[in-house]
Every structure is written in structure tokens, then in C-alpha cells.
Amino acid sequence: SELVTDKGPVATLLRDTIQRARETRQPTHRTWRNIRLTLHPFSWQHVSANGFQANAIFHDPFGPDVNPDCWTLDCFTWSRKFFAPPGPIVTYSAAGHVRRSLGKAGYFVAIAPGYGKKREMTVASPTEDILSGYRIKVAREAIEILGGGLAGLLVASELHAAGHHHIHIIHSPH
């Protein structure tokens with residue numbers, strides 16, 4: 001369709017946004033119909049979106065070989081701060097370590113049919129319900145601790161320090 005050609009309105013929106021971000025070296029916002037595009041022209045570690053909530057994320061910072069820090073548990077944990085469930089995070093990557101990192105960051109991870117020459121790709125969400133129709137590959141990694149006393153809090157702290165980021169403490173009233 002005309003929307004996705006190099007002369008269509010979406011391509012023009014993208015080109016203008018990229019040019020503006022390069023010139024100003026500041027986050028750049030553009031709107032077309034009901035699409036609002038925000039481009040941050042710096043690494044994810046330096047983005048502070050102050051209350052911004054994305055309805056969907058297309059994660060495409062080239063591949064893990066080109067930008068390894070964009071495919072880590074830290075990056076996917078960071079992305080959760082800006083995510084309005086139940087929307088998806090979608091990526092062309094089908095790498096096992098990427099899917100495991102998404103799971104450890106608290107996403108449900110599924111396999112989706114690939115696009116173009118890709119056999120498969122990855123779709124994930126903080127909630128499992130929007131992934132119906134896809135094959136779940138990695139269930140969100142969650143740990144539940146029964147008892148919110150000193151021992152339960154100590155265990156939760158140690159688990160978090162060991163890299164587990166989805167911990168639920170269930171306090172018992174007795």
C-alpha cells in the first residue's frame with residue numbers, strides 16, 4: 001500500500017522524525033492520524049520517559065551481534081517501566097537467549113510466524129491473554145514467597161540480587 005512505500009506518509013513521518021532527532025539530539029515527537037512516534041536519539045540507558053506508557057513496542061535495534069546491550073535482561077527489565085499492559089513487544093529475533101531474557105524480565109514469550117525470509121520471530125507481553133493463538137515458549141518467570149516476615153524479605157532480596165526480577169511476597173495474616 002501507499003502507506004509503507006518510500007514516498008508514503010508513514011515513510012515521510014519517519015524520515016522527518018529521524019532528521020529532526022539528528023539535528024536537535026533531543027527526543028523528537030511526530031504525529032500522523034492516531035500514530036504518535038517518539039524517537040530518542042541515544043541509548044536506552046539514557047532515556048527517561050517520565051510517565052510515558054507504550055501500547056506496543058517494536059524492538060529492532062539490529063541484532064544481538066551488533067548491539068548486544070539491547071538484548072539483555074537489563075534492557076528488557078527497563079522496557080517494562082514504559083509498557084502499558086497488555087500490549088505486545090515484538091522482535092524479529094528468535095534467539096533463545098533473547099527469549100529467556102524476556103521471560104526473566106517478567107514477560108510471557110511466544111513464537112510467532114516470521115516475516116519475509118524469517119522462519120519465526122518473537123512476541124511477548126506482560127499478560128498471557130493477548131498471546132492466544134501463539135505457541136508460548138517461555139512462561140513469565142515468577143517466584144512466590146509465602147510469608148512477608150524478616151526471612152521472606154531476606155529471601156526476596158537475595159533472589160533479586162541473583163537476577164530474579166518478578167518476585168511476589170504473599171503476606172500471611174497469622
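Here are a few things to note about the model shown:
- Qualifying residue in the stretch 65-78 (condition: within 25 Å of L159 (Cα to Cα), outside any strand (DSSP E or B) and among the polar types (S, T, N, Q)): yes
- For the stretch 28-42, filtering for residues that are outside any strand (DSSP E or B) and open to solvent by less than 50 Å² (accessible area, probe 1.4 Å) leaves 1.
- Given (1) open to solvent by 50 Å² or more (accessible area, probe 1.4 Å); (2) in contact with a helix residue (DSSP H, G or I) (Cβ under 7 Å, 6 or more places away or on another chain); (3) outside any loop (DSSP other than H, G, I, E, B), index of the condition R100 fails: (2)
- Filter result (at pLDDT below 85 and surrounded by 15 or more Cβ atoms within 10 Å (Cβ to Cβ)) within the stretch 62-78: G63, P64
- Meets criteria (within 8 Å of the chain's Cα centre (by Cα) and not small (G, A, S)) for R80: yes
- Count of the stretch 43-61 residues which are in a loop (DSSP other than H, G, I, E, B) and open to solvent by less than 60 Å² (accessible area, probe 1.4 Å): 5
- Pairs where the first residue, in the stretch 26-48, is touching a residue at least 24 places away in the same chain (Cβ under 8 Å) and the second is of a type in the set (D, E, K, R) and not in a loop (DSSP other than H, G, I, E, B), C-beta under 7 Å, 6+ apart: L37/R30
- Any hit, the stretch 84-96, residues being open to solvent by 60 Å² or more (accessible area, probe 1.4 Å) and farther than 28 Å from H160 by Cβ: yes
- Candidates are the residues of the stretch 103-130 that are closer than 19 Å to D69 by Cβ and free of Cβ contacts under 8 Å to residues at least 40 places away in the same chain; the one that is surrounded by the fewest Cβ atoms within 10 Å (Cβ to Cβ) is G103.
- Residue selected from the stretch 103-142 under the condition acidic (D, E) and assigned to a loop (DSSP other than H, G, I, E, B), by the criterion modelled with the lowest pLDDT: E141
The values are calculated or read from the model by the stated rules, or taken from the named source; none is laboratory data. Computed from a prediction, not measured in an experiment: that's the story for all the values here. Cβ atoms come from the backbone with ideal geometry, glycine included; neighbour counts cover every protein chain shown. We work out accessible area using only protein heavy atoms, side chains counted, and drop any ligands, DNA or RNA first. Shrake-Rupley method; radii C 1.70, N 1.55, O 1.52, S 1.80 Å.
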